[in-house]
Amino acid sequence: METYRARLEPRLVGRQLSRVRIHDSRLTLPFEPADVEAELEGERVASVERRGKYIVVHFESGLALVVHLRMTGGFPEAPATHERATIDLDDGAGVSYRDVRRFGTWQVLAPVELEEYLGARLGPEPLGPKFTVRFLSESLARRRAALKAVLLDQRIVAGMGNIYADEALWHARLHPLRPALELDESEVASLRRGVRRALRRGIERQGADLGDGAYPQGSMQDEFRVYGRTGEPCRRCHVPIEKTRVGSRGTHYCPVCQR
Ligand SMILES: [Zn+2]
């Protein structure tokens, strides 16, 4: 996600959108692609921001384009198949959006709508000051679901993906299937530290994609503590890592360290 933002920023900031073509009407539901194209054309980009799993393109007019990439959306460097939209810029360059499974969305929002929209869908940034033990404790207190499932809820930890949820729980020594509301204060504090530690490690090695398996280099996998290491020894206690499912998501954990 951060990778896409960093790639788009230098190409978009200061540029005017001269022509926008949306080839897939699902992208802009419930709005007509033609209306969204017309809203975007002529807008000049002020900044490109990432908020959780959303990419927000802010325009000088105050409007914003909110892109939710979901499972397979993205902005490839070169023209690609499954292209759902294209943007021509005033410097002659272009940006294309592709999405194989078509779950991604594009929405044009006014400033007031933007904060309302993201506020209802996103919890605090895990590396920011609002992600406190108190916030986490209150969020978990009402949830009977498995810890792993709750961690993937974007209203609790913005931007948390499957890989880093597994890593965070290993760092925190918490079993992924524990009901979230069972955690005591010190366990919540370990969980908060685990989340931050897992994300920092990921960002350090430019595994900046907090998504679902799209890590840039194969070597990165060696750096994981549990993710993708089924049957391999735990790096703390040497017992083989196990794999289970939580909801539909593959979940890796150490049966000894994570009780
Ligand atoms: Zn272990």
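The values are calculated or read from the model by the stated rules, or taken from the named source; none is laboratory data. Here the structure is a predicted model, which means the values were calculated and not measured. FYI the Cβ positions are ideal-geometry reconstructions off the backbone, even for glycines, and counts take in every protein chain you see. The accessibility values were calculated without ligands, DNA or RNA, using every heavy atom of the protein model including side chains. Shrake-Rupley method; radii C 1.70, N 1.55, O 1.52, S 1.80 Å.
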**Study point:** Unmet criterion (only one of (1) of a type in the set (A, V, I, L, M); (2) closer than 26 Å to Q154 by Cα; (3) open to solvent by 20 Å² or more (accessible area, probe 1.4 Å)) for V67
**Key:** (3)
Point to revise | Which numbered condition H23 misses (of (1) more than 30 Å from L127 (Cβ to Cβ); (2) open to solvent by 20 Å² or more (accessible area, probe 1.4 Å); (3) under 22 Å from the mean Cα position of the chain (by Cα)) | key: (3)
Review point. Can you tell me how many residues in the range 228-259 are in a strand (DSSP E or B), open to solvent by 30 Å² or more (accessible area, probe 1.4 Å), within 11 Å of the ligand (Cβ to nearest atom) and closer than 17 Å to L174 by Cα?
Key: 2
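Is it true that some residue in the range 174-183 is out of contact with any strand residue (DSSP E or B) (no Cβ under 8 Å at 6 or more places or on another chain) and surrounded by 23 or more Cβ atoms within 10 Å (Cβ to Cβ)?
Yes, that holds for at least one residue.
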Practice item. Please work out which residue is nearest to the chain's Cα centre (by Cα), limiting yourself to the range 146-185 and to residues that are under 19 Å from C254 (Cβ atoms) and in a loop (DSSP other than H, G, I, E, B). Key: P176
Study note, to complete from the structure: Of those in the range 86-96 that are out of contact with any helix residue (DSSP H, G or I) (no Cβ under 8 Å at 6 or more places or on another chain) and of a type outside the set (S, T, N, Q), the residue surrounded by the fewest Cβ atoms within 10 Å (Cβ to Cβ) is G92
Practice item. With the condition kept exactly as written, say whether any residue in the range 50-57 is farther than 23 Å from L152 by Cα and at pLDDT 95 or above. Key: yes
Revision key, fill the gap. By residue number, the members of the range 46-66 that are touching a helix residue (DSSP H, G or I) at 6+ places or on another chain (Cβ under 9 Å) and free of Cβ contacts under 8 Å to residues at least 40 places away in the same chain are S47, H58, F59
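Filter the range 197-208 down to residues that are in a helix (DSSP H, G or I) and open to solvent by less than 40 Å² (accessible area, probe 1.4 Å) and give me whichever is nearest to the ligand (Cβ to nearest atom). Break it down into steps so the answer makes sense when it comes.
Let us first name the residues in the range 197-208 that are in a helix (DSSP H, G or I), namely 197-204.
Those still in the list that are open to solvent by less than 40 Å² (accessible area, probe 1.4 Å) too: 198-199, 202.
Numbers: A198: 16, L199: 21, G202: 20 Å.
Here the residue is A198.
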Review point. Got a sec? Which of F131, F135 is assigned to a loop (DSSP other than H, G, I, E, B) and of a type outside the set (D, E)?
Key: F131
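Test of understanding: among V56, V45, which residue is part of a strand (DSSP E or B) and either more than 21 Å from E115 (Cβ to Cβ) or in contact with a Lys or Arg (Cβ under 6 Å, 6 or more places away or on another chain) (or both)?
Answer to the selection: V45.
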